1. How many percent of DSSP beta bridges within chain B run antiparallel, rounded to 5?
2. Using the crude model of +1 on Lys and Arg Cβ and -1 on Asp and Glu Cβ, and no other charge, please compute the dipole size for the protein assembly as shown relative to its Cα centre, in debye to 20.
3. Could you work out how far apart the two model spin labels at B:Ser331 and A:Arg155 are, taking each label as a point 7 Å from the Cα in the direction of the beta carbon, and quote it in nm?
4. Show me, bin by bin at 5 Å from 0, the whole-percent P(r) of region B:310-399 based on Cα pairs.
5. Please enumerate, by chain and number, the aspartates and glutamates with C-alpha under 15 Å from the C-alpha of A:Lys306, excluding those fewer than 8 residues away in the same chain.
6. Exactly which GluC sites (Glu not before Pro) in region B:13-84 are in a DSSP loop and have at most 15 other Cβ atoms within 10 Å?
7. Would you compute the Debye intensity of region B:450-589 from its alpha-carbon atoms alone, equal scatterers and no solvent, and pass along log10 I(q)/I(0) at q = 0.10 Å⁻¹ to two decimals?
8. Calculated FRET efficiency, A:Arg136 and A:Glu483, Cβ-Cβ r, R0 30 Å, to nearest 0.05?
There are 2 protein chains.
Amino acid sequence: MNRSHYCGEVTEALAGQSVTLCGWVDRTRDLGGLLFMGLRDTAGVVQVVVEPDSEAFPAAEKLRNEFCVQVTGTVRERPESQWNEQMATGRIEVVANAIELLNASAPMPLLMTDEDGEEVRLKYRYLDLRRPRMQRNLKVRAAMYRAIRNSLDERRFVELETPILTRATPEGARDYLVPSRVHAGQFFALPQSPQLFKQLLMMSGMDRYYQIARCFRDEDLRADRQPEFTQLDMELSFVSEEEVQAISEDLIREVFRDVLGDDLPQPFPRLSWREAMERFGSDKPDLRIPGELVTVDGHVAHLEFKVFAGPAAAHDQRVAALRVPGGAELSRKQIDDYTKYVARYGAKGLAWIKVNDAGAGLEGLQSPIAKFLDEGAWSGIAEASGAATGDLLFFGAGDWQTASTFMGQLRLKLAHDRDTVEPGWKPLWVTEFPMFEWDAETGRYYAMHHPFTAPLDPDPEALRADPAAALSRGYDLVLNGSELGGGSIRIHDPKLQQVVFDLLGIGAEEAVEKFGFLLEALRYGAPPHGGIAFGLDRWAALLTGEESIRDVIAFPKTTTAQCLMTAAPSAIADGQLAELHVRSVVEADQPDASNEAGESD
Amino acid sequence: MNRSHYCGEVTEALAGQSVTLCGWVDRTRDLGGLLFMGLRDTAGVVQVVVEPDSEAFPAAEKLRNEFCVQVTGTVRERPESQWNEQMATGRIEVVANAIELLNASAPMPLLMTDEDGEEVRLKYRYLDLRRPRMQRNLKVRAAMYRAIRNSLDERRFVELETPILTRATPEGARDYLVPSRVHAGQFFALPQSPQLFKQLLMMSGMDRYYQIARCFRDEDLRADRQPEFTQLDMELSFVSEEEVQAISEDLIREVFRDVLGDDLPQPFPRLSWREAMERFGSDKPDLRIPGELVTVDGHVAHLEFKVFAGPAAAHDQRVAALRVPGGAELSRKQIDDYTKYVARYGAKGLAWIKVNDAGAGLEGLQSPIAKFLDEGAWSGIAEASGAATGDLLFFGAGDWQTASTFMGQLRLKLAHDRDTVEPGWKPLWVTEFPMFEWDAETGRYYAMHHPFTAPLDPDPEALRADPAAALSRGYDLVLNGSELGGGSIRIHDPKLQQVVFDLLGIGAEEAVEKFGFLLEALRYGAPPHGGIAFGLDRWAALLTGEESIRDVIAFPKTTTAQCLMTAAPSAIADGQLAELHVRSVVEADQPDASNEAGESD
């Protein structure tokens, strides 16, 4: 074909020249006999003018929105009064000599604007993606991939592929399964991550590996999860956590600089998990929000007020204060709403103090708990929190983790409600996570990262002696309150790995059955190694400023794991299932069995 | 950790310096009290010397092959007499001061050489991959990916991801299926290729797309097929086949230059499918092999010899000759073996002539068919084929396609047997394929490429009138006799698409059911578009000089679609299957049901 330029790139530098453009009719207007038409391609829109005596006029008259056309014409500068500085092509127009209709279009089934509902957008995704916003999102994502690869290729990483048809891993989330035709009664699983394969690649001596890997989790989808998602997966041999973190930081800085031209801090700040919980009530603190939780245990332990004094004295409890600058203006109803909000996170109550006059001691306060305080307690609290006239303080008391968490959630909620989130990029590392979480319901430990994460103290006996106290060599990278990625130094000692399996309730026999190939591989000189993985859907959403990861995925699924465009999943003929040695077992009254998304059988 | 250099990169430039290396013990030797040790990492091997009085000596004495160690030492130049010019590190050695054992190793369960059988190599893939040959293969593959992306990124292609959990496409090969938990009785399919998605991306206005995409086919595996494979998938809007081909050629030339430093011809030669079959008896001719098939119809049509005269006169048959230089030396047994060989490809016989004296006319020939020839026939054949003294000519006669094919196979076989394949890279395009193949068994047409390929003549009525004669806008890229990739200009006219579906026996209703979303998308100003896909496993094998694609895949499956390392596929508990609304249906005497590869239930 004969395209000479992209529509969005015809500028005054081409004035007087003939161009041939291909694209879609964006809109047409008839102004005093002249026909004006926006012509849009992936690079942008250009204005085409068809004069009434032009040979192109009869063809142009028949054009409607989204018709696909080829236009040949001459670039003409517009008079300055008609410049449109919003558009790269806004100082010129193309005077058409010839218009060839490449394909007509039926009327659009959607508005092609941000007003369209998500259902119609996903059903007609091929039209939704024509919108400049979606074109830009997907291009930013591609630029992000390019920047990632450039950064890692320069640092001797080797891009390697790991299998999609692999073995079920019984820990973790639910696997998607694939029946085998050749091996009756057996199933492949789609990988939740390439974790074991990347560790095996280190045992293979591959030294530094990365992959932009598709991963799969058959979970009940929360609003912003997808059944298949993309992760940047990295692993390195002969490294410490500091080396993994330094390389990751360089990577992130380079991506933000290449894609957005933004500079991130160097180095990123670093918090232990304990400190992050203590100061921000979160393992992924949003550092764009001013203000921190303040522990006031020392100032209230002596009070008669048991709600504070009890937690302040107990080693696994706390009393945390959060200052709300200007918060004295909050109504009783607003305070009640915040109390209900934190109840979702386990708060039994939410004490508060309004500081009407910071210079007046207890007299200056308005609070249901003021009567329980003494001047010493208040002056300690006031100094620790920095409370000033017009502020409000919220207090959370109780179990250390619960109180930290609900106060952390309150901090986020207040910041968004009061619009105090500062602009910019605030990355940080969170480190030294607990190795294990105890689950009271099942009466067992669960791995906080995953069962292959190394403990800070490599002594198997120390780990066995006090697992609850053990910290891990795991680390998370947090950006603006979102977890961008996480990783760890792994266990490379087969004995230590078995101790961790033991503590997780996976005995020697079960370990061999489930992870035998990993345990076997650890026996042959496995190198010290570690790595990290980044969720690229979320990362792309951050880079494009989108709320939803669905807006940075070309063909996403709904929250019920359907593709509205292709109507997947779909029914399959019994004969085809028989070849795979499976049979559908559908209850007659199963509401989903005759799902209306359309199927073939 | 403290690694200062890679083992394989310690050269005389570092003489006198202290280095810290990490790697695996490649072998140890005790020479007159000195301990010599090869230390290997991903970059290569370096020789480490441990002197008897060194503090490192006690640790060194305990090392065995594949122990993982960190060595600190001083680089020392070897005397010239001890240079090993085979190794990049062959002029130096590292005199160890300290050796830290990072991980011991059990004795290797395989030889770690080319002598290892494939089964043990795949079971202990993580050890097999430590071999320099495998390290190199995977790095060449990664370099190929980098070169591909550089080439396409420069040409405004956008890297986009398409779903892995998608809708079953009932045409083509068997799909791998994934039961849906949320939608009982419904299944996702893994994509055989992103074909429909990439066409939809063109309708999305994405203009130029590529993806290094994982694809899946549940086929009975031939020796060199994998159930999952990787393809470079490309699609472009507003292009002709020549533009797709030019960009593909640039891509391939850049990859071969970047990865191997090899220059490929520019432009690539081009043959129509008809000419490729006529001259080489193949739709993927190996142009490294000298000699072509020669049609001798005009020289033998007048003979009484019906075996030749019949095919020579019929328009859909032929008599093809293949000259074997020096072939007069072939024994009767060898000729018989070739006759049997071509019988596999449908040959009913294989006539031959030995040219004992090219100057003596019929008198100079030795052949069972000499008596059927006359001087005119022979001189015509001799001139057309270039037969000289000492040569042999083989003749294939019969149905045009059958005779062409078995003579093409004979050409390949002879070249490999007689070692006449010339070195170097011989790419070419094969174009103008028939649109359809008629299958006599099922009494219907099949698409030679796929049902979305545009016919050369865009008139739907012309196509309907004589489908058997229709040629397509498909093209294959062939390199050294392997199909590297294939593609086509696609249909963008919904009416033409329906005519093709009709001819393939897919009625309007069935088309809507199977491909409704594509037909719908074609209604909204679909642009003219086309693309191509390259099989990257085969391409990587060509670049590394490997015979088997399994040697360029980190974790391949066997020909029965198993992973010997992880023992996938595996049995799954009934409860987990019930959640997916399926049940295993395994015959009690099914031999595979209790497959010994090991499972969990």
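1. Antiparallel bridges make up about 95 percent of those DSSP assigns within chain B.
2. Details: 126 positive and 186 negative charges, 88 e Å.
Magnitude of the dipole: close to 420 debye.
3. Spacing of the two 7 Å Cα→Cβ label points: 6.4 nm.
4. P(r) for region B:310-399, in whole percents per bin: 3, 14, 25, 26, 18, 11, 3, 0.
5. Reachable aspartates and glutamates: A:Asp297, A:Asp374, A:Asp399.
6. B:Glu55
7. With no solvent term, the Cα-only Debye profile gives -0.65.
8. Computed FRET efficiency for A:Arg136 and A:Glu483: 0.75.
The values are calculated or read from the model by the stated rules, or taken from the named source; none is laboratory data. Being a predicted model, the structure only gives us computed values, none of them experimental. Reconstructed Cβ throughout: ideal geometry from the backbone, glycine too, with neighbour counts over all protein chains shown. With ligands, DNA and RNA removed, areas are computed over all heavy atoms of the protein, side chains included. Shrake-Rupley method; radii C 1.70, N 1.55, O 1.52, S 1.80 Å.
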